[in-house]
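None of the figures in this text is laboratory data; all of them are computed from the coordinates on show. All figures in this text were calculated on a predicted structure; none of them were measured in a lab. Here Cβ is always computed from backbone atoms with ideal geometry, including for glycine, and neighbour counts include all displayed protein chains.
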Amino acid sequence: MIWRFFAGKGVQYALVLLFAATANFALPRMMPGSPLVFLAGEDVGFMTEAQRTQLYQAFGLDQPIYRQYAIYLANLAQGNLGHSFQQGRPVAEIILARLGWTVLLVGGALLLATVIGIAWGTLAAWRRGRPFDIGSLAGAMLLESTPSFWLAMIFIAVLAAGARWFPVFGAMTPGAGLRGTAHILDVAWHLVLPMATLTLITVPTLFLIMRASLLSVLGEQFITSARAKGLTERGVMFRHAMRNALLPVATVFMLNLGYIVSGATVIETVFSYPGIGRLLFEAVLARDYPVLQGAFFIVTVSVIMANIAADLIYPLLDPRVRHAR
Amino acid sequence: MRKLSVSLVLGVLILMLLLAPVGAQSGAVRLALTRDEGWLNPYTYQTGYPGWNIMTLVYDTLYYPDLNNEPIPWLVRTTRVSTDGRTWTLTLRPNLRWHDGRPLTSADVKFTFEYAARVAHSRWTPTTRNLESVEAPDPQTVVFRLKQADAGFRLRTLADVPILPAHIWESVTTVAAARAFRNTVGSGPYRVEEVQDGQFYRLAANPQYFAGPVKVRELVLPIIRDATVSFTALQAGQIDANSRVLTPELVAQFEKTQGITVMRGPGFASTILQFNVEHPLLKDARLRRAIASTINTNLMVRLLMLGYATVGSPGYLHPASPFYAAGLKFEGTKARAVAILNEAGYTDRNGDGIREAPDGAPLQFTLLTLAGNPVRIRGAELIRTWLKDVGIAVNVRVAEDAAIIDQVWPEFDVCRGRRFDMAVFGWSAPVMSRPTALVDLFHSDCRIGAINIGGYKNPALDRLGEQLVTTVDPTRQKQIAAQMQKIVAQDLPIHVLFYPETIMAFRSSTYDRWAFQKGQGYVTKLSFVDPPK
């Protein structure tokens, strides 16, 4: 069954991948501005035509655009993402160094936000129309509309600079050279504020979905019949309603899973966190085409993988999909 | 659940206890950088400031700019210049060594300049253009033969180009390889110990440094992307110094903060109104003068910089620059602007509130500025308001840096022309301290006036500029520079608005021997080591 699934979807995903790879190639090059200053340095104005040409040749930018595209696709097919204009290093290596931090931050926040969102949404739906529910809705709306950089700045001002409970920036204490447990604790300590910010701005969506989904399930006939059987309210809630209400939340979770590797640009920049989001932001400013291509490609692949995973897992969660097959 | 949260709180507490002493006892100085600087070697560092300054902690130059930006001998002990200024014979100091213990000799110097000529780098390669040859007759002696005498040779070449170890770089032959090369063996006061991509650098003092004891044992350089966060970190004691200049709003607060010292001095970076002198209307110097006259630069300094800036001089150079033409001042008032406009025939003929040129073209311009600089955006808005008052319409357009530069300075090549009317722009501090700054900024040949982004042309200025670049005598240099400034002040191809002061803060409890380089700040080698005797 798995094989049939892949044969059907395989062509579709390959086309998506090719389209994405082409867009990743074309879009950065359509931005006005030149990467030359990042290739050569700030005094680039003083270079002669010949010296500029030497640089363009070194990075393949002297080739006509269709040849650059062909080379890019050929390299990509071999798993070669090229070298960064800005740093000279292989793009794969740069992305790999940042990937761990981003997965830790964004993945952690997504898990945390999902757990909190489910619990909070359930409680609110259970107490529908009561002060807790109304207060929660207002709170979620407020959080939802809070700009992440503002929340991050408040955290930095109050909890890091004011109370001095947490560090102001970074993913670990610079130059401390900690090892083992001390290093893990140091990383955890630096993770608290960025992760709290990201979690807080992600929770409202999950809360709202969970609450709405649970309320609609609670109106179904099978809930009435469960109640009629004399089940306790708690039993109806957890055994019957929640399991069914979780499906939309699972969908959102799966979709978000694919975007974990794209990082959280704003939060990573404000906290100077070394993730993919900040890398992308810096690469856009520097017109670092290879890094942009590479990072967006990784994001594309990861979103496709998340979709495949969702397709495979969904039948396990929802028997109706299973029977429909 | 309760158990988990208790252990979490405990964990955090233990961790805070563990970490607090680490920062305090390390004896290290933490100086924040603005962004990644590659591997900190001459082919991978990124920014002119602070990147170059940090790179020169690891690599040495033959000369080094002192606190007045005058080049002083560094690796070099004696220098002999021929009377025509074309032959420079330098004797290196004895016992110079690379970090790996190998001796640093004149062969390395020769190698460096030949390497720079071969492997393109925007800062090193142009310095080799005027070199006829570099010889190393014996291990201590280097002889530079120049094609023509060069006013900037000491500062822009000898005090700028870091010497590379030949035994390490000779195998790195292409630009791409050099840009990816990670070796950091230099001869400087610091060795690179640790590079954490996107996070920080750790440098350790070189115990065998020839110029004597290095003042700070360990230098940690965290990268903090956000300016506000970097100053918060300084205030919270998580860094000890910051390569960014303090924003005016923070000065008063930092001066009052215990344990923090604020250093202030003239700044050599500039904020200018750049005209496109090739523009059909703006090519008229009278119109440029009228526009400049409407701008109240004194008020701008008070409003935008809270007084922490010097009002611009019309000859570009800062009054604190050794080349400044004394007494040069721009006086302009709104009344004067109106008088100039009326006299030149720029009047509002169709009554729409906007003046027209005699040929009917309305005085309507786009003013570009960079999104990354809030002060310049507010400056552009002020200019728009003031110009509207005298009947000149301005449309302010703000965009991200690379997009603006694409119009003002396409491909960073003045020879490719320009696509703008006016821009609020600026140049960094090193441009000001070069004796040849006025030539770079205003010479009409796009290969010589490499940053003449407005396309300004004046044959009299060109002639003086050609004289200046080959003049070695400082007194004569100053005379020529003064004449050039007077021409520029007359023609106004740019209008210098102000020079922001260089204001820098540090935690004096950790380290207080920072040396303040005029116009540039404390990120200099001289903050960590005294000049060699």
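Here are the numbers:
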quantity: In range of the label at B:R118: residues from the range B:44-59 whose backbone nitrogen is under 19 Å from the point 7 Å along Cα→Cβ; calculated: B:44
quantity: Label point distance in nm, A:I313-B:R182, each placed 7 Å from Cα along Cα→Cβ; calculated: 3.5 nm
quantity: Principal axis box of the range A:156-222, alpha-carbon based, largest edge first, Å; calculated: 62, 29, 14
quantity: Ellipsoid equivalent to the range A:51-168 - semi-axes via the Cα gyration tensor, in Å; calculated: 48, 20, 14
quantity: Point-charge dipole on Cβ atoms (K/R +1, D/E -1) for chain B, about Cα centre, debye to 20; calculated: 680 debye
quantity: Cα centroid separation - the range B:146-192 against the range B:234-282, whole Å; calculated: 30 Å
quantity: Average beta-carbon neighbours from other chains, 10 Å sphere, peptide B:198-210; calculated: 3
quantity: Distance between modelled label sites at B:L306 and B:Q490, nm, 7 Å Cα→Cβ extension; calculated: 4.2 nm
quantity: Surface/4 of the Cα convex hull for the range A:16-77, nm²; calculated: 4.8 nm²
quantity: Listed residue (A:S34, A:L200, A:I313) projecting farthest to the positive dipole end of chain A, Cβ model; calculated: A:I313
quantity: Helix-derived mean residue ellipticity, 222 nm - over chain A, DSSP H n ≥ 4, -39500 (n - 2.57), to 500; calculated: -22500 deg cm²/dmol
quantity: 5 angstrom amide H check on B:F498, placed H, neighbours 5+ away; calculated: B:T271, B:G312
quantity: Debye log10 I(q)/I(0) for the range A:264-325, one point scatterer per Cα, at q = 0.20 Å⁻¹; calculated: -0.77
quantity: Using a Förster distance of 22 Å, the FRET efficiency for B:T83-B:E466 (Cβ separation, nearest 0.05); calculated: 0.60
quantity: Kyte-Doolittle at least 1.6, axis length at least 24 Å by Cα - qualifying DSSP helices, chain B; calculated: B:2-25
quantity: Dimensionless Rg ratio for chain B, taking C-alpha atoms and the 2.2 N^0.38 Å reference; calculated: 1.06
quantity: Note, ³J(HN,Hα) from phi for the range B:503-514, Karplus 6.51, -1.76, 1.60, rounded to Hz, x at Gly and Pro; calculated: 10, 10, 10, 8, 8, 6, 5, 7, 7, 10, 9, 5
quantity: Gyration tensor (Cα) of the range B:181-315, equivalent ellipsoid semi-axes in angstrom; calculated: 41, 22, 15
quantity: √(5λ) per eigenvalue of the Cα gyration tensor, the range B:263-351, largest first, Å; calculated: 29, 15, 12
quantity: Long-range amide H partners of B:E194 with built H, under 5 Å; calculated: B:R202
quantity: Considering only the protein assembly as shown, percent of DSSP beta bridges that pair antiparallel, nearest 5; calculated: 75 percent
quantity: Estimated [θ] at 222 nm from DSSP helical runs (n ≥ 4, -39500 (n - 2.57)) normalised by residues in chain B, nearest 500; calculated: -9500 deg cm²/dmol
quantity: Nearest-0.05 FRET efficiency for A:L255 and B:N68, computed from C-beta distance (R0 60 Å); calculated: 0.50
quantity: Distance between modelled label sites at B:E381 and B:R102, nm, 7 Å Cα→Cβ extension; calculated: 5.7 nm
quantity: Span from the the range B:40-103 Cα centroid across to the the range B:467-533 one, whole angstrom; calculated: 18 Å
quantity: With Cα atoms, 0 to 90° folded angle of helix A:65-77 axis to chain A main axis; calculated: 60 degrees
quantity: Fraction in percent of alpha-carbon pairs per bin - 20 Å, the protein assembly as shown; calculated: 13, 40, 33, 12, 2, 0
quantity: Chain B - share of DSSP beta bridges that are antiparallel (%, nearest 5); calculated: 75 percent
quantity: FRET efficiency, 1/(1 + (r/R0)^6) with R0 45 Å, evaluated for B:A403 and B:D352 via beta carbons; calculated: 0.90
quantity: Neighbourhood charge, 14 Å Cβ-Cβ cut-off, centred on B:T261 and excluding it, Lys, Arg +1 and Asp, Glu -1; calculated: +1
quantity: Label-zone membership for the range A:184-198, site B:T257, 7 angstrom Cα→C-beta point, backbone N under 16 Å; calculated: none
quantity: Taking the C-alpha atoms of chain A, convex hull volume expressed per residue in Å³; calculated: 194 Å³
quantity: Gain on full stretching of the segment that runs from A:V192 to A:A228 - 0.36 nm per residue minus C-alpha separation; calculated: 8.3 nm
